[in-house]
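**Student:** Have a look at the structure that comes next, please.
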Amino acid sequence: MEFFVWAASLAKSNPWASGVLVVCVMAVAGSCFGILADMIFKALGIHVGQYKKEYEEDEGVSACK
């Protein structure tokens with residue numbers, strides 16, 4: 001809880017440092033959420049990076065000619 005009080009006082013006293021702090025906190029939070037999601041997908045056996053085309057893109061164009 002002290003972090004939030006400190007961050008609020010920093011926002012009043014030094015807005016530039018507060019902006020840098022926000023960017024750093026958001027980067028760390030995003031990385032943590034990404035790693036957590038990656039671990040959950042791996043545990044569930046979901047392979048997000050493997051994508052296979054179900055159709056050829058040229059089929060629709062050649063059928064109309």
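**Student:** Considering only region 24-45, state which residues are more than 30 Å from residue 3 (Cβ to Cβ) and either modelled with pLDDT of 95 or more or exposed (fewer than 10 other Cβ atoms within 10 Å of the Cβ) (or both).
**Tutor:** 43, 44, 45
**Student:** Another one. Write out, first by first residue and then by second, each pair whose Cβ atoms fall under 9 Å of each other, whose residues are 6+ apart or on separate chains, and whose first residue, in region 47-65, is within 30 Å of residue 37 (Cβ to Cβ) and surrounded by fewer than 10 Cβ atoms within 10 Å (Cβ to Cβ) while the second is modelled with pLDDT of 70 or more and among the acidic types (Asp, Glu).
**Tutor:** Filtered contacts from region 47-65: 48/38.
**Student:** Select from region 1-46 the residues that are touching a residue at least 12 places away in the same chain (Cβ under 8 Å) and part of a loop (DSSP other than H, G, I, E, B) and list them in ascending order.
**Tutor:** None; the set is empty.
The values are calculated or read from the model by the stated rules, or taken from the named source; none is laboratory data. The model shown is predicted, which means the values in this text are computed figures rather than measured ones. All Cβ positions, glycine included, derive from the backbone under ideal geometry; neighbour counts span all protein chains shown.
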